[in-house]
Amino acid sequence: MSQTSPLSVVGSLLIESEWLVAHLDAENLRIVDVRLAESYVDGHIPNAVHLDLNALRAERDGIEGMLITPESFSRIVGQMGIDADTTVVLYDDHHGMPAARAAWSLLRYGHANLALLDGGWDAWENGAFPTTQDVPFIAPHRFGVVQAELYGADFLWVRAHLNHPQVTLLDVRSSAEYDKGHLPGALLWDWQNGADESSTFRSVSELRASLSAAGVTPDHEIVTYCQSGVRASHTFLLLKHLGFERVRMYDGSWAEWSSRGSEVERS
């Protein structure tokens, strides 16, 4: 039987399908489907609304894929029926990357009560949980943006913290991309190390061991980056899930850094 009373803070950045099916009708829960529109139309989790991830990204200073303005974000998210009291659960069918990018965007603009569905759509569908093609009616809410700058890093912040003894720059691209050029002093940890073949997050012990072997430790402030901030969002959420307290994501990532004529290292 699904819970219909209001939810408190979800309490974890990862939730399982069993938790979600038990809370499908909770009155302040908003399930967000971050797949392609045609996939949503074919079938989705009951009560889920669709979000085109590209709606949250725009060109800024010649760099594609940057986080949209607070005003645009507030309008889009409010139209999805999300406000400060809403528990948001996000899912996708692309290894958790689009959902993680949307989650980072929400965190960056002040909404912390959220979680990813571990394993995403595949875990839901493979578990034979209910699906529907019905599109829910959602009344717009007022979403008030609160700048949470501690979750983001821009070009100037990164440049100012190069070689800082307490800051770790973490390149989560492939080794081939890293070898062609990376930020000075950046460590390499491919974001794919964070998930198994079914797109579920690896165990906490496995993740901590893998990160530690790469030199990534929670006593440093970690700044993740990739090509354009999507893969880096996945690792950002993973680190927060593991309890790393100081984690940022460089929104412009390599696309911005390499276009600004900045110093690079090559392997």
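The table below gives the values:
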{"read-out": "Residues satisfying the stated conditions in the stretch 154-166, i.e. farther than 30 Å from ILE76 by Cβ, part of a helix (DSSP H, G or I) and in contact (Cβ under 8 Å) with a residue 12 or more places away in the chain", "value": "ARG159"}
{"read-out": "Failed item in (1) modelled with pLDDT under 95; (2) surrounded by fewer than 17 Cβ atoms within 10 Å (Cβ to Cβ), with LEU13 passing the rest", "value": "(2)"}
{"read-out": "Pick from the stretch 169-217, criterion of a type in the set (Phe, Trp, Tyr) and touching a strand residue (DSSP E or B) at 6+ places or on another chain (Cβ under 8 Å), ranking: surrounded by the most Cβ atoms within 10 Å (Cβ to Cβ)", "value": "TRP189"}
{"read-out": "Scan of the stretch 98-153 for residues that are acidic (Asp, Glu) and assigned to a loop (DSSP other than H, G, I, E, B), ordered by number", "value": "ASP118, ASP134"}
{"read-out": "Restricting the stretch 60-79 to residues that are closer than 16 Å to SER258 by Cα and exposed (fewer than 15 other Cβ atoms within 10 Å of the Cβ), the residue that is modelled with the highest pLDDT", "value": "GLU64"}
{"read-out": "Long-range neighbours under 6 Å by Cβ, at least six apart or interchain, first residue outside any loop (DSSP other than H, G, I, E, B) within the stretch 15-39, second crowded, with 19+ Cβ neighbours inside 10 Å and of a type in the set (Phe, Trp, Tyr)", "value": "SER17/TRP124; ASP33/TYR40"}
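The values are calculated or read from the model by the stated rules, or taken from the named source; none is laboratory data. Everything numeric here is computed off the predicted structure, so don't read it as measured data. With ideal geometry, Cβ positions are generated from the backbone for all residues, glycine too; neighbour counts draw on all protein chains shown.
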